[in-house]
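Trainee: Here it is: the structure, laid out below.
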Amino acid sequence: MTTDRQLHLNAFIYPVGHHEAAWRHPRTQPERLFDADYYQQIAREAEAAKFDAVFFADGPALRTEAAYSAAGRLEPITLLTAIAAATERIGLIATASTTYYEPYNLARLFSSLDFLSKGRAGWNIVTTSTEIAAENFGLPAHPDPADRYRRAAEFVDATTRLWDSWEDDAVVLDREAGIYADTDKIHRAEFVGEHLSVRGAFSAPRSPQGHPVLVQAGASDDGRAFAARHAEAIFTAHQLVEHARAFYSDIKAGAAKLGRNPDHVVILPGLSPFIGGTEAEARALEQEFNELTVPAYGIKQLRGIIGVDLSGHDLDAPVPPELFGDAGDVTSNKRSRKQVVAGIVEREKPTLRTLLHRLAGARGHRVFAGTPEQVADTIEHWFTTGAADGFNIMPPYYPGGLTDFVESVVPILQRRGLFRTEYSGTTLRDHFGLPRPASRFTAEADAAQFAS
């Protein structure tokens, strides 16, 4: 089949892979976690397959148990700058927190990445959910979700005002007259809010994309409202296609109500594929990884999702469904990842051991074991039935899990006319089909001139 609509694919780089026991498997290379060339190699492979972007999650705290996991991360914006030097087209998306940064310094970091990569930067906007982050910044407590989202809305407004503060034609480079820039076209941000205040003009002109692509990953009620207003791409987690469709239509409708073009909000669920020559081979590979898990680690991770410690629960006894009474549903969820786990418990009635194995693969994102054709069929079904604009591909192990996907699944998607065989543009906005945003100050100046 062919279609004018094109699938989007990101490589979600989680150092040794998205399965929690990946570091123990002989197919992974945990000794390379702090080597730039390891990540450059992964990004070049994704670029050769014409992926839209690579993506790094991050948080300002040591969230995993170092005794049982390959813990620790390189700072992602610095790392993406190294990847930018080793690649030419692939987008570069990093997570950064609106709770634990300030707008001016974060604006400079992402603007610099956008310049140095020639227009490939994206910012995954998070408010940070882990409470232990507060301890690293001298705060007595982690702000509550409502306060974090109010600050986040102000943060995005202040940051985009900074990125817009130079109009596109502010730099004139008139050597003869000795004028570098038209200062009438450089504006102070002059942002004052409840949580933030930013006065000055930015320290650089608008970057190649106007500003980096704005990405968001929260699916709570506050997160959805924030995404509908601000996000240009959304990372999300769903187990069932019908839940993904409900989320997809809800977000697109919310964006339309705010006067935005729904096509300019790209929705990308996570998919973690175990790939084998037969379905049995793929399932056997998944089982290899599951057998390497440490229950104590999985229980700690589960506690972070559901807020209940099951360390005294029999591993081979069913998980009590009453633990999820307040999880909410797919169209109005207060605790999005808890809702995903609640759905698994309700449908599958797993033992605790089975649930830990289900979550070990990708922390609540969809894990799929099958042949390349089966993986491609799943992607096509979600894409063509209104559940996704593409996928965050989350290989259970790196680097080979990505290799399996790009060598066996991508060619099928290309033959079906669903995915590009060459890049048609040079920026991340080009890849996602997003317009370059106009500077708000230019728009205000044009409106004033028209009114006069």
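Trainee: Relative to the present Cα-Cα distance, how much length would full extension add between Leu258 and Glu281 at 0.36 nm per residue of separation?
Mentor: 3.5 nm
Trainee: Something else: When a footprinting reagent is the concern and you count Cβ atoms within 10 Å, what order do Glu422, Glu232 take, fewest first?
Mentor: Fewest-to-most ranking of Glu422, Glu232: Glu422, Glu232.
Trainee: Expected output is a single nm value to one decimal: the length gained when fully extending between Arg108 and Thr183, i.e. 0.36 nm times separation in residues minus the C-alpha distance. What is it?
Mentor: 25.0 nm is the gain from fully extending Arg108 to Thr183.
Trainee: Taking 8 Å as the Cα distance limit and 6 or more residues as the minimum spacing, I'd like the relative contact order of the chain as a percentage.
Mentor: Details: 828 pairs, mean separation 103.7, N = 452.
Taking the mean separation of contacting Cα pairs over the length of the chain, I get 23 percent.
Trainee: A further question on this structure: If each Cα of region 381-436 is one equal point scatterer, what is log10 of I(q)/I(0) from the Debye formula at q = 0.13, 0.17 Å⁻¹?
Mentor: The computed values of log10 I(q)/I(0) come out as -0.43, -0.73.
Trainee: For region 8-451, what D do you get in µm² per second when you plug the Kirkwood radius from alpha-carbon pairs into Stokes-Einstein at 20 °C and 1.002 mPa s?
Mentor: Working: Rh = 22.8 Å.
The diffusion coefficient I find is 94 µm²/s.
Trainee: Let me ask you something else. Average projected area of the Cα convex hull of region 150-237, in nm²?
Mentor: If I average the Cα hull's projected area over directions, I get 6.7 nm².
Trainee: Related question: Which loop-located trypsin sites (Lys or Arg not before Pro) does region 79-173 contain, where loop means any DSSP state but H, G, I, E or B and the Cβ has at most 16 other Cβ atoms within 10 Å?
Mentor: Working: sites: Arg89, Arg108, Lys118, Arg120, Arg148, Arg150, Arg151, Arg161; in loops: Arg89, Lys118, Arg120.
Sites meeting the loop and neighbour criteria: Lys118.
Trainee: To continue, here is another question. How big is D for region 1-119, in µm² s⁻¹ as a whole number, if Stokes-Einstein is applied with the Kirkwood radius of its Cα pairs at 10 °C and 1.306 mPa s?
Mentor: 101 µm²/s
Trainee: I need the peptides 93-106, 359-372 ranked by packing, meaning the mean over residues of other C-beta atoms within 10 angstrom, with the highest value on top. Before the final figure, lay out each step's value.
Mentor: Details: 93-106: 20.2, 359-372: 22.2.
Most protected by this proxy first, the peptides run 359-372, 93-106.
Trainee: Another question, then. Relative to the compact-globule scaling 2.2 N^0.38 Å, provide the ratio for the alpha-carbon radius of gyration of region 193-333. Mind showing how you got there, number by number?
Mentor: On the way: Rg = 20.7 Å, N = 141, 2.2 N^0.38 = 14.4 Å.
Against the compact-globule rule of thumb, the ratio is 1.44.
Trainee: Once every DSSP H run of n ≥ 4 in the chain is given -39500 (n - 2.57) and the sum is divided by its residues, what mean residue ellipticity at 222 nm do you get, rounded to the nearest 500 deg cm²/dmol?
Mentor: Value at 222 nm, helices only, nearest 500: -12000 deg cm²/dmol.
Trainee: On to the next question. Of all beta bridges DSSP finds with both residues in the chain, what is the antiparallel percent, to the nearest 5?
Mentor: So the antiparallel bridges amount to about 20 percent of the total.
Trainee: Treat the count of other C-beta atoms within 10 Å as a stand-in for reagent exposure and order Glu31, Glu176, Glu288 from fewest to most.
Mentor: By the 10 Å Cβ count, ascending: Glu176, Glu31, Glu288.
Trainee: Moving to a separate point now. About its Cα centre, how strong a charge dipole does the chain have in debye, to the nearest 20, once Lys and Arg get +1 and Asp and Glu get -1 at the Cβ?
Mentor: 240 debye
Trainee: Still on this model: Which lysines have a Cα lying under 27 Å from the Cα of Lys252, excluding residues fewer than 8 positions away in the same chain?
Mentor: Candidates past the 8-residue exclusion: Lys50, Lys334, Lys338.
We did not get these values from a lab; they are worked out from the coordinates using the rules stated. Because the structure is a prediction, the values reported are computed rather than measured. A quick note on method: Cβ atoms are made from the backbone with ideal geometry, for glycine too, and the neighbour counts reach across all protein chains shown.
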